[in-house]
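Student: I have a structure here, written as C-alpha cells, and I will follow up with some questions on it.
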Amino acid sequence: LKKFPLIDTTSVTNMRFAWGSTDIDFFPAIQAPLCTNFESTWKSCSALTSFPAGAKLGTSASNVNFQSAWESSGLTSFPSDIDLSKGTTFTNTWRSTNLNSFNTPLPNGTTFYAAWRDCTNLSSFSSEINGTNVRFTWYGCSSLTSFLTPLPLAQRLDLAWQNCTSLLDFSADVFANWNPSTISTGIFNGTWDGCTSLTAQSVENILTSIDASGQYAT
C-alpha cells in the first residue's frame, strides 16, 4: 500500500494499527476528530517522511492515546501547528524516527515514556511538556546539543537523557518551577548517564535549580 485517499473518517473512534507497517509515502490531511485511539496507527511506515498539518486527530475527543503512533516511521519533520492538545499518552510516539527538530505543543500529555527515544537526528527540541512520566524520553538522542524545555510536573525522569552524547547545554529553566505532586523513588537514576559532553555550567544549572525548587530528589 503506497497511497491512501482522503475518505470520511469523521465518525471513527479507534484507528489502532490502521496503516502500520505499510509502504505509504504520502498521507492526506485525515479528519478524525472523534478518534481516541491512535496506537501504532502509522508505526513502521518507513517511507512516510512527513505528516499533514491540517489533520484533525482527536481534536473533539478527550484522553487521546497516541502510543507508538509514528514509532519507527520515516518521519524527518512533524508539523508544529498540528493540534494534539487532547492527547494524554505519548509513550514511544516518535521513537526511532528521523526527526531533525520538534516544536509541537503537547500541553495535556501526562505520559512521555520513550516518546523520542533513539531519535538520533534530533538536534533541536522545543515543546510544552507538563507530563509526570518522562522516563527514557530523549534516551539516545545523540544529536541533541541543548535542552531548555521546562518540566514542572515531572515525577519520573530516570534515564531521560541517557546517552545524549552531544548534549552540551542544559538550562536551569528545566527545573526552575519544578513542583510535582509526588516524586518517584530513583527519579534521577541514570538520567544523565552517558552525557559526556555536558559543560560544568550545565551541571551547576541542574544541581542549583533542583535545590532552589525545594523538592527532595529521592
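Student: Compute the distance from the alpha-carbon center of segment 48-63 to that of segment 130-150, in whole Å.
Tutor: Result: 22 Å between the Cα centres.
Student: Among [x] 1.20; [y] 1.00; [z] 1.07, only one was calculated for this model; which label is it, if the read-out is Rg/Rh (Cα atoms, Kirkwood Rh)?
Tutor: Checked against the structure: label [y].
Student: If the label point is 7 Å along Cα→Cβ of Ser11, which residues in segment 55-76 have backbone nitrogen under 20 Å from it?
Tutor: 56-62
Student: Turning to a different aspect of this structure: Run the numbers for Gln201 and Ser60: contour at 0.36 nm per residue of separation, minus the present Cα-Cα distance, in nm.
Tutor: Numbers: separation 141, 0.36 × 141 = 50.76 nm, distance 4.42 nm.
Answer, rounded to one decimal: 46.3 nm.
Student: Loop-only check: which trypsin sites (Lys or Arg not before Pro) in segment 99-196 are DSSP coil with at most 16 other Cβ within 10 angstrom? List each step's numbers first, then the result.
Tutor: Numbers: sites: Arg117, Arg135, Arg156; in loops: Arg117, Arg135.
Passing both the DSSP loop test and the Cβ count: no residue.
Student: Near Lys43, which aspartates and glutamates are there with a Cα under 12 Å away, not counting those fewer than 8 places off in the same chain?
Tutor: Reachable aspartates and glutamates: Asp23, Glu71.
Student: I've got another one for you. Using only the Cα atoms, work out Rg/Rh for segment 39-167, with Rh taken as the Kirkwood radius, to two decimals.
Tutor: Working: Rg = 13.2 Å, Rh = 14.2 Å.
So for segment 39-167, dividing Rg by the Kirkwood Rh gives 0.93.
Student: Here's another thing I want to ask about it. For the chain, give the percent of accessible area contributed by carbon and sulfur heavy atoms, probe 1.4 Å, rounded to a whole number. Please report the intermediate quantities before stating the final value.
Tutor: On the way: 4260 of 9080 Å².
For the chain, the apolar C and S fraction of the accessible surface comes to 47 percent.
The values are calculated or read from the model by the stated rules, or taken from the named source; none is laboratory data. Remember, it's a predicted structure, so these values are computed and weren't measured experimentally. With ideal geometry, Cβ positions are generated from the backbone for all residues, glycine too; neighbour counts draw on all protein chains shown. Only protein heavy atoms, including side chains, enter the accessible area calculation; ligands, DNA and RNA are left aside. Shrake-Rupley method; radii C 1.70, N 1.55, O 1.52, S 1.80 Å.
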